[in-house]
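Reading through the structure tokens given below for one structure.
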Amino acid sequence: MWTALLKKVWDIDVLKCPKCEGQMKVISFIEQPFVIRRILKHLDLWEDPRPPPEPLELVCEPCADYVPWQDDVPEIEVG
């Protein structure tokens, strides 16, 4: 069960009440995205998705001391 996996990986008991430490149980799953959005907006917990950030310009400057045929990689003999 998913609760056992969370307990094993994160060492948390998601079905333990944070107030009284009693055992809770799942009574329902909400799977419809529009319902989840409405609930979170009502609780003021919804954040509209932000657009992705602009890509960074990568600048690669060659190293003046690097000579590709003089690196420390051993030769591999194929045969």
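Figures for the structure shown
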{"item": "Filtered residues of segment 1-38 (kept if modelled with pLDDT of 90 or more, out of contact with any helix residue (DSSP H, G or I) (no Cβ under 7 Å at 6 or more places or on another chain), surrounded by 12 or more Cβ atoms within 10 Å (Cβ to Cβ) and not basic (Lys, Arg))", "result": "24, 36"}
{"item": "Count - residues of segment 1-35 that are part of a loop (DSSP other than H, G, I, E, B) and of a type in the set (Phe, Trp, Tyr)", "result": "1"}
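The values are calculated or read from the model by the stated rules, or taken from the named source; none is laboratory data. Worth saying up front: this structure is predicted, and the values here are computed from it rather than measured. When we count neighbours, we look across all protein chains shown, and the Cβ atoms used for this are built from the backbone with ideal geometry, even at glycine.
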